[in-house]
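Below: one structure, written as structure tokens.
The values are calculated or read from the model by the stated rules, or taken from the named source; none is laboratory data. Keep in mind the model is a prediction, meaning the values are calculated, not measured. Methodologically, a virtual Cβ is constructed for each residue, glycine included, from the backbone with ideal geometry; neighbour enumeration extends over all protein chains shown.
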Amino acid sequence: MLITAERIVTGTGVLSPGWLEVTGTVVTALGSGAPAGVPEFGLGDVTIVPGFVDMHTHGGGSGAFPEASAESSLASRDLHRRHGTTSMIASLVSAHPAELLHQVSVLAEQVQDGLLAGIHLEGPWLSSHRCGAHDPTSLRDPDPAELDAVFAAGRGTIRMVTIAPELDGALPAIARMTDAGAVAAIGHTNAGYEQARAGIEAGARAATHLFNAMRPLHHREPGPIAALVEDPRVTVELINDGVHLHPALYRNVTDWVGPDRVALITDAMAAAGMSDGAYTLGALDVDVVDGVATVAGTDTIAGSTATMDLVFRNAVLGCGLDREAGLRLAVRQACINPARTMGLDAGDLVVGGPADLVVLDGDLHVTGVLHRGAWVDGV
């Protein structure tokens, strides 16, 4: 399959005009200028970018990963894939021990079957002071025996675990998670600066949705945000959906940490791609009004209704750079950085890499998605 486009954005630059060749599920050649053969897909004045990688999403299309069913996971995967996410980490929320083991066991099978790219445990080892849209009755300190049981149930599919580093037993738990091959992420935390630093030194290498559900930055007590931003080893998640984060802070953080340490995420829940109404997130009831999800009866944000094409578009248009530079930055943040952080063989368009790509029109809306060399239906 030979594809041509006005521009193809990769991790190393912009090919304009550009072309790429796909054989089976992989990219076998790409370049700029006129290709040697006749393209099967001459797409014209569009932009091709690598498939988006979402390292933090709870569901979408009415499906939710905590439901731990094939039907629910397929609904979520299909909705987000139509919006350009070709690699997805399934995020759980805090749950009681037996339920957590069941969820992890079911999702591990889905990862091994190729439905998902991995599992993210957002809890239950979180701060009750910063629990956000997590069931407070499910929160607990990390226990070595439970950690061993959960990772055994995951069978190597758990890619990331969010933890509050100030909890009793958190630092050895972080080391245990890292030894098991997962990324420990600091989030839902009331930690002070030094406690966050200790978490990083124990092995934490990511920040779960920076700013949201963590002690805020203060000039005399900088808290976890300063510790996470200043350490070059940490990838920081940002929900750049226009709800969770002011656009100025997206630009500020990008300036502070550079282009290679921001990972754009959706933190989407079941209502992504759906209409307003009543939903659930784990054990909690959620109301969605004007596309904003909150825990029922409160103003606590409960995930998002965003898709990766939205946060990508917001990044390009809101980064303060010219169009080409904005596209290159957004590709790093929505594709390359999350894939690298999660240890995935995706996130870029390179010879020998997976044939995952997104076709965008002039307004940066998705008009086509290629996943492992096959066009996705319903885009």
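Miscellaneous remarks
- Output for the range 123-161, where each listed residue is under 15 Å from Ala180 (Cβ atoms), not charged (D, E, K, R) and not in a loop (DSSP other than H, G, I, E, B): Pro144, Ala145, Leu147, Ala149, Val150, Phe151, Ala152, Ala153, Gly154, Ile158, Met160, Val161
- When the range 63-98 is filtered for residues that are in contact with a Ser or Thr (Cβ under 8 Å, 6 or more places away or on another chain), closer than 18 Å to Val311 by Cβ and among the polar types (S, T, N, Q), the ones remaining, listed by number, are Ser76, Thr85, Ser91.
- As a summary of the residue check, Ala283 satisfies the conditions (1) at pLDDT 95 or above; (2) out of contact with any His (no Cβ under 7 Å at 6 or more places or on another chain) except for the one numbered (1).
- Each residue in the range 361-377 was checked for being touching a residue at least 60 places away in the same chain (Cβ under 8 Å), in contact with an Asp or Glu (Cβ under 8 Å, 6 or more places away or on another chain) and either over 22 Å from Ala29 (Cβ atoms) or surrounded by fewer than 18 Cβ atoms within 10 Å (Cβ to Cβ) (or both), and 5 pass.
- Qualifying position, being in contact with a Phe, Trp or Tyr (Cβ under 9 Å, 6 or more places away or on another chain) and more than 27 Å from Leu217 (Cα to Cα), among Val286, Val253, Val262: Val286
- The strands (runs of 3 or more DSSP E) falling completely within the range 265-339 that include 1 or more residues that are under 19 Å from Ser76 (Cα atoms) and not aliphatic (A, V, I, L, M) map to 277-281, 284-289.
- Checked against (1) of a type outside the set (A, V, I, L, M); (2) modelled with pLDDT of 95 or more; (3) surrounded by fewer than 23 Cβ atoms within 10 Å (Cβ to Cβ); (4) over 15 Å from the mean Cα position of the chain (by Cα), Pro354 meets all criteria but (3).
- Per-region count, the range 166-225, residues part of a loop (DSSP other than H, G, I, E, B) and either in contact with a helix residue (DSSP H, G or I) (Cβ under 8 Å, 6 or more places away or on another chain) or of a type in the set (A, V, I, L, M) (or both): 20
- Val236 vs. criteria free of Cβ contacts under 8 Å to residues at least 40 places away in the same chain, under 25 Å from Glu99 (Cβ atoms) and part of a strand (DSSP E or B): no
- Hey, Ala145 among the small types (Gly, Ala, Ser) and either closer than 17 Å to Glu237 by Cβ or buried (at least 21 other Cβ atoms within 10 Å of the Cβ) (or both) or not: no
- In the range 263-276, the condition of being crowded, with 18+ Cβ neighbours inside 10 Å and more than 20 Å from Ala90 (Cβ to Cβ) is met by no residue.
- Identity of the residue in the range 148-174, more than 23 Å from the chain's Cα centre (by Cα) and of a type outside the set (A, V, I, L, M, F, W, C), that ends up surrounded by the most Cβ atoms within 10 Å (Cβ to Cβ): Glu166
- Qualifying residue in the range 80-94 (condition: farther than 30 Å from Gly352 by Cβ, basic (Lys, Arg) and in contact (Cβ under 8 Å) with a residue 24 or more places away in the chain): no
- Condition check for Met177: at negative phi, crowded, with 22+ Cβ neighbours inside 10 Å and in contact with a Gly (Cβ under 7 Å, 6 or more places away or on another chain): no
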